[in-house]
1. Scan region 36-71 for residues that are of a type outside the set (S, T, N, Q), out of contact with any strand residue (DSSP E or B) (no Cβ under 7 Å at 6 or more places or on another chain) and under 21 Å from Glu194 (Cβ atoms) and report the count.
2. Please work out if Met67 is within 21 Å of Met133 (Cβ to Cβ), open to solvent by less than 90 Å² (accessible area, probe 1.4 Å) and out of contact with any Phe, Trp or Tyr (no Cβ under 6 Å at 6 or more places or on another chain).
3. Only one of Gly189, Gly212, Gly198 is loosely packed, with under 15 Cβ neighbours inside 10 Å and either of a type in the set (Val, Ile, Thr) or under 21 Å from the mean Cα position of the chain (by Cα) (or both); which?
4. Counting just the residues of region 215-242 that are farther than 18 Å from Val138 by Cα and among the polar types (S, T, N, Q), which one comes out surrounded by the most Cβ atoms within 10 Å (Cβ to Cβ)?
5. What is the residue count in region 1-51 for residues that are modelled with pLDDT of 90 or more, within 30 Å of Glu65 (Cα to Cα) and of a type outside the set (A, V, I, L, M, F, W, C)?
6. Can you pull out every residue in region 1-57 that is under 30 Å from Gln159 (Cβ atoms), of a type in the set (Ser, Thr, Tyr) and in a loop (DSSP other than H, G, I, E, B)?
7. Does Gln165 count as in contact with a Gly (Cβ under 8 Å, 6 or more places away or on another chain), buried (at least 18 other Cβ atoms within 10 Å of the Cβ) and in contact (Cβ under 8 Å) with a residue 24 or more places away in the chain?
8. Here is a list: Thr132, Thr121. Which entry is closer than 17 Å to Leu199 by Cα and open to solvent by less than 20 Å² (accessible area, probe 1.4 Å)?
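The values are calculated or read from the model by the stated rules, or taken from the named source; none is laboratory data. These numbers were taken from a predicted model, which means no experiment stands behind them. We place every Cβ from the backbone using ideal geometry, glycine too, and count neighbours over all the protein chains shown. Quick note on the areas: whole protein, heavy atoms, side chains included, nothing else; ligands and nucleic acids left out. Shrake-Rupley method; radii C 1.70, N 1.55, O 1.52, S 1.80 Å.
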Amino acid sequence: KEKNYAYGHGCSVEWEKGPSGVTVISSSFMPKKEILQMKPSDCSNQDILRMAWWQSAEKDEICREIMQFASEYDKWIKAQKEKATEIEEMYTKAASENISKCETASNRIKKCVQLLENNETALKALRLANETMLMQRVNTLKNKGKSCDEEKVRWYPFQLAFILQIVPDIVDEKSNYRDLVDLLWFPTGGGKTEAYLGLAAFTIFYRRLAYGEKGAGVSILMRYTLRLLTIQQFERACAMITACE
């Protein structure tokens, strides 16, 4: 429902809206806009979000919870389809394409269930990845003088979904999705780092478990555009690697 009415070249753009639409458009080098804080959505099955749960849950229980997790996403997708029928005709094609991508993401999460049912190595790697992320979170807080209840350390749904949809493609070297870039978008401080570090931990463990010594060596490449961010992300990655060891 949010609309852009102009784009600036070498500057920014502001506009004023009246009862009948936009009345003024002007260029600005110091634009002002109130940005509301974005909060990750939640889901009903909380167990699957707890990192500690993965260590003791049985395989059947894990697979069942992932399917429920995906079905909840499917309900959200269905709601978006209904909303798409109410928007202006010029936007229906874009809406249809976005919804189609959502359905693809849901199918990829469900594919993870098939993988875990038949691949004990992948299941073990996913358990260890959750244990790693739990350990690094607890120790990081401890180093800051804060206490942490391990049972309350949890994923945001979008973080777990990001990991689960890519896990099958880490395992299957012939997967078509290896030709795609899975881009995780969220504002600063929303949990992107945690999500990709969890996936990195899975990749490291799976390579070691599946290929032995051949699975050692460089597994992940990280690149940053800001020096300050590089230092902070290096510390986060270091905590994860130490937890893996």
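1. Selection size over region 36-71: 16.
2. Spelling it out, it is not the case that Met67 is within 21 Å of Met133 (Cβ to Cβ), open to solvent by less than 90 Å² (accessible area, probe 1.4 Å) and out of contact with any Phe, Trp or Tyr (no Cβ under 6 Å at 6 or more places or on another chain).
3. On the way: Gly212 fails: either of a type in the set (Val, Ile, Thr) or under 21 Å from the mean Cα position of the chain (by Cα) (or both); Gly198 fails: loosely packed, with under 15 Cβ neighbours inside 10 Å.
Among Gly189, Gly212, Gly198, only Gly189 is loosely packed, with under 15 Cβ neighbours inside 10 Å and either of a type in the set (Val, Ile, Thr) or under 21 Å from the mean Cα position of the chain (by Cα) (or both).
4. Filtering first and then ranking leaves Ser219.
5. Matching residues across region 1-51 total 2.
6. Hits for region 1-57 are Ser41, Ser44.
7. For Gln165, the condition - in contact with a Gly (Cβ under 8 Å, 6 or more places away or on another chain), buried (at least 18 other Cβ atoms within 10 Å of the Cβ) and in contact (Cβ under 8 Å) with a residue 24 or more places away in the chain - is not met.
8. Selected residue: Thr132, the only one of Thr132, Thr121 that is closer than 17 Å to Leu199 by Cα and open to solvent by less than 20 Å² (accessible area, probe 1.4 Å).
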